[in-house]
Structures are given as structure tokens and as C-alpha cells.
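Worksheet: one structure, shown below.
The values are calculated or read from the model by the stated rules, or taken from the named source; none is laboratory data. Bear in mind that the values here come from a model prediction, so they are computed numbers and not experimental data. Virtual Cβ from ideal backbone geometry, glycine too; neighbours counted across all protein chains shown. These accessible areas exclude ligands, DNA and RNA; they are computed on the full protein's heavy atoms, side chains included. Shrake-Rupley method; radii C 1.70, N 1.55, O 1.52, S 1.80 Å.
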Amino acid sequence: MTLLLIVAGALVTSNDAGLSVPDWPTTFGSIYKMPRMVGGVKFEHGHRMVAELVGLLTIALAIWTWRSEQRRWLRLLGVAAVATVIGQGILGGLTVLFYLPAPISSAHAALAQTFFCIAIFTGRQWVEEVPRVDVDSRRPTLFTLTLLSIFVLYVQLILGAMFRHKGMSWWPHVVHAGVVAVVLTWTAVRTLSVYSKIEALRKPAIVLLSLLMTELCLGFTAFLTRVAWGRDSLQPEPPMVISTVSHVAVGALLLATSVVLAIQVWRHVPVAFAEHVPGAERTPQAA
């Protein structure tokens, strides 16, 4: 449902429908009446309806987790999810009330994908799996590479959101895409070449590479349809909308996969620390 919500939000931006419903938290002055779903209203109000459903599901999940989960940190994570979705709703409302300011709209887009990345710990595999530990003594460590992957993806997300919301030009996003490609390829190749026998690492690494190639192709297509060919379009054309929305959705999956890989590396491949023996650096004296 959260992925569907990200797609719905991308449809709002891609169809220039951000102010089709000019008020918030009401819709044309009403909390419960369904507006006529025509033009940009079907995208904007549809986005709000999916957001409300995700909010309700998040509250239900937090309550369920708090009542049934023994891990205290996971119960707190459920509460954090509720706080995140509330903050996301407020940012979405401010986007409407202040007429689509680029910083607030970009923060709204970035926080949506952050919320998308917090579900791995509830899986049965996580609870029942016995970690296969393999100490990492390389530099930089694989865990460092996974954290770097998340960082460069998050920067790319912000740059893309700023461009889509007309807060900056397209070229920082395009240039930084090269950095993302190098870092993610480095991370995935290191994982597959050294730790391919650990299934919990191999699967997300393969998915990461596959999504990266797909995302680069979609990004190139979105650039052609939106920047190179669609610069003078009076309204968004279907190829522009489809390529851009797909680019956003796959980007969310790419970020989530990077987070999953980082968590699994932290669990299965701890960093090796050199043991310091006092006096070992001194040359022994002859008796």
C-alpha cells in the first residue's frame, strides 16, 4: 500500500495536479463528501484517499505490534511509523496551503520513501533465521559501502524531488546518477563476489543490480520525454507521465532494497576489529 501511495503521489506531480484540490485537510470544504473525480482532482483526491488508508493501516500495525511483540525496540519502531506518517500528512497539507513550495514538497517526497523502508523486522525469516556470520576484514567494509549506497540514493532522491517540484535544474540529478551507479555497483559486486554463499545477502544484491539497471533506463526515458522532448508541452503527455512515475516507483524499491541489504550485512557480516596486545609492538629483548 505504501508503494501504491508513492505511485499515487508521483501521478499528482507528473500530471501537474498538485493544487487541483485547493484546501486541506478538507476537500472543497468537506471532510467526508466525495468530490467529482475529474481532471486533476482524481489524482489529488485519490492520493489523499490512499494516504488515509495507509495511515489507518499504520495505526493498526502499531497497536498490534505493541500488544503482541516482545521486542521493545520493535514496539517503539511501530510508534515511530505512526509519527512518520503523521508528519508526512502534515507536510502534504503544508504543500497545498503554501502553494507547492519546492522545499516542503521535496521533503514530502523524501519522507515518503523513508517510511517505505521499515518493515523487514516483522518477517518470519528475520525472527526464525540463524545468522550465518562471516567476519569482514576488508577496507572499506561492506557495511560502509551499504551505508554509502543509502546516502547517495537519499541525495539522489532529494535532487530528483527538487527538480520535479521546480526547485532546481535537472543537471545535478543527472550528474549524481553517475555517482549512484558507481557506488551501488561497487556494493553489489562486492557482495556477490565475496559473500554469494549467504542467501540473505545474495538475493538483495541481485535485486539491487537489477533495479539499478532498470532505474537508469527509466531515468534516461524520463529525461527524454520530460526534458528533451516535452519541454514545450502545454500539458503532461502519457509517455512523460508513465516514464516519470515508473522512475519514482523503482527508485523507492531501490532505496528499500539498499536498506534491506545494509541490515542483512550488519547482521551476517560483522566488521573485524584488530586485537591490540599491549607490548606486542615492542621488539623482545634478549634474556
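Which of the numbered conditions does residue 187 fail, given that it passes all the others? Conditions: (1) in a helix (DSSP H, G or I); (2) hydroxyl-bearing (Ser, Thr, Tyr); (3) open to solvent by 40 Å² or more (accessible area, probe 1.4 Å).
That leaves (3) as the condition not met.
Would you mention how many residues in region 48-65 are of a type outside the set (A, V, I, L, M) and over 21 Å from the mean Cα position of the chain (by Cα)?
Residues that pass the stated criteria total 2.
Within region 194-218, take every residue that is at pLDDT 95 or above and of a type in the set (S, T, N, Q) and give me the one that is farthest from residue 262 (Cα to Cα).
214
Would you mind finding the one in 175, 127, 133 that is exposed (fewer than 14 other Cβ atoms within 10 Å of the Cβ), over 17 Å from the mean Cα position of the chain (by Cα), assigned to a loop (DSSP other than H, G, I, E, B) and of a type in the set (A, V, I, L, M, F, W, C)?
133
Cβ contacts < 9 Å: first residue closer than 18 Å to residue 219 by Cα, restricted to region 143-161; second residue open to solvent by less than 60 Å² (accessible area, probe 1.4 Å) and outside any helix (DSSP H, G or I), any location; separation 6+ or different chain. Result?
161/167
One residue is enough: does region 88-97 have a residue meeting the conditions surrounded by 13 or more Cβ atoms within 10 Å (Cβ to Cβ), of a type in the set (A, V, I, L, M) and more than 30 Å from residue 231 (Cα to Cα)?
yes
Which ones in region 42-58 are buried (at least 16 other Cβ atoms within 10 Å of the Cβ), farther than 13 Å from residue 93 by Cβ and not β-branched (Val, Ile, Thr)?
Of the residues in region 42-58, the ones buried (at least 16 other Cβ atoms within 10 Å of the Cβ) are 42-45, 47-48, 50-51, 54-55, 58.
Keeping just the survivors that are farther than 13 Å from residue 93 by Cβ gives 42-43, 45, 50, 54, 58.
Passing the criteria: 42, 43, 45.
Determine if region 143-151 includes at least one residue that is in contact with a Lys or Arg (Cβ under 8 Å, 6 or more places away or on another chain) and open to solvent by less than 40 Å² (accessible area, probe 1.4 Å). Step through it out loud before you land on a result.
Going through region 143-151, the residues in contact with a Lys or Arg (Cβ under 8 Å, 6 or more places away or on another chain) turn out to be 145.
This time we only want the ones that are open to solvent by less than 40 Å² (accessible area, probe 1.4 Å), so: 145.
Yes: region 143-151 contains one or more residues that are in contact with a Lys or Arg (Cβ under 8 Å, 6 or more places away or on another chain) and open to solvent by less than 40 Å² (accessible area, probe 1.4 Å).
Taking the options 201, 216, name whichever one is touching a residue at least 12 places away in the same chain (Cβ under 8 Å) and open to solvent by 60 Å² or more (accessible area, probe 1.4 Å).
Within the list 201, 216, the selection yields 216.
If a residue has to be part of a helix (DSSP H, G or I) and over 14 Å from residue 246 (Cα atoms) to count, how many in region 190-223 make the cut? Quick ask: steps written out before the conclusion?
Within region 190-223, the subset part of a helix (DSSP H, G or I) is 190-194, 199-223.
From what's left, over 14 Å from residue 246 (Cα atoms): 190-194, 199-210.
Total satisfying the criteria: 17.
Report whether or not residue 108 is out of contact with any Pro (no Cβ under 7 Å at 6 or more places or on another chain), assigned to a helix (DSSP H, G or I) and either open to solvent by 40 Å² or more (accessible area, probe 1.4 Å) or not hydroxyl-bearing (Ser, Thr, Tyr) (or both). Before the answer, list the steps.
Numbers: out of contact with any Pro (no Cβ under 7 Å at 6 or more places or on another chain): yes; assigned to a helix (DSSP H, G or I): yes; either open to solvent by 40 Å² or more (accessible area, probe 1.4 Å) or not hydroxyl-bearing (Ser, Thr, Tyr) (or both): yes.
Yes: the conditions hold for residue 108.
Of all residues in region 59-74, count the ones that are open to solvent by less than 50 Å² (accessible area, probe 1.4 Å) and either at pLDDT 95 or above or not in a helix (DSSP H, G or I) (or both).
Of the residues in that region, 1 qualify.
Quick check on region 7-41: of everything there that is among the aliphatic types (A, V, I, L, M) and farther than 15 Å from residue 165 by Cα, which residue is most open to solvent (accessible area, probe 1.4 Å)? Step through it out loud before you land on a result.
Our first condition is that a residue be among the aliphatic types (A, V, I, L, M); within region 7-41, this holds for 7-8, 10-12, 17, 19, 21, 31, 34, 37-38, 41.
After this cut, where a residue has to be farther than 15 Å from residue 165 by Cα as well, the list is 7-8, 21, 31, 34, 37-38, 41.
On the way: 7: 40, 8: 16, 21: 0, 31: 148, 34: 117, 37: 75, 38: 74, 41: 18 Å².
So, considering only residues that are among the aliphatic types (A, V, I, L, M) and farther than 15 Å from residue 165 by Cα, the one most open to solvent (accessible area, probe 1.4 Å) is 31.
Enumerate the pairs (first residue in region 39-61 and farther than 14 Å from residue 11 by Cα; second residue anywhere and open to solvent by less than 50 Å² (accessible area, probe 1.4 Å) and among the aromatic types (Phe, Trp, Tyr)) with beta-carbon separation below 9 Å, excluding pairs fewer than 6 apart on the same chain, so at least 6 apart or on different chains.
54/115; 58/115
Restricting the search to region 216-251, which residues are touching a Ser or Thr at 6+ places or on another chain (Cβ under 8 Å) and basic (Lys, Arg)?
Residue satisfying the conditions is 226 alone.
Taking residue 77 as the residue in question, decide whether it is within 24 Å of residue 127 (Cα to Cα), open to solvent by 20 Å² or more (accessible area, probe 1.4 Å) and in a helix (DSSP H, G or I).
yes
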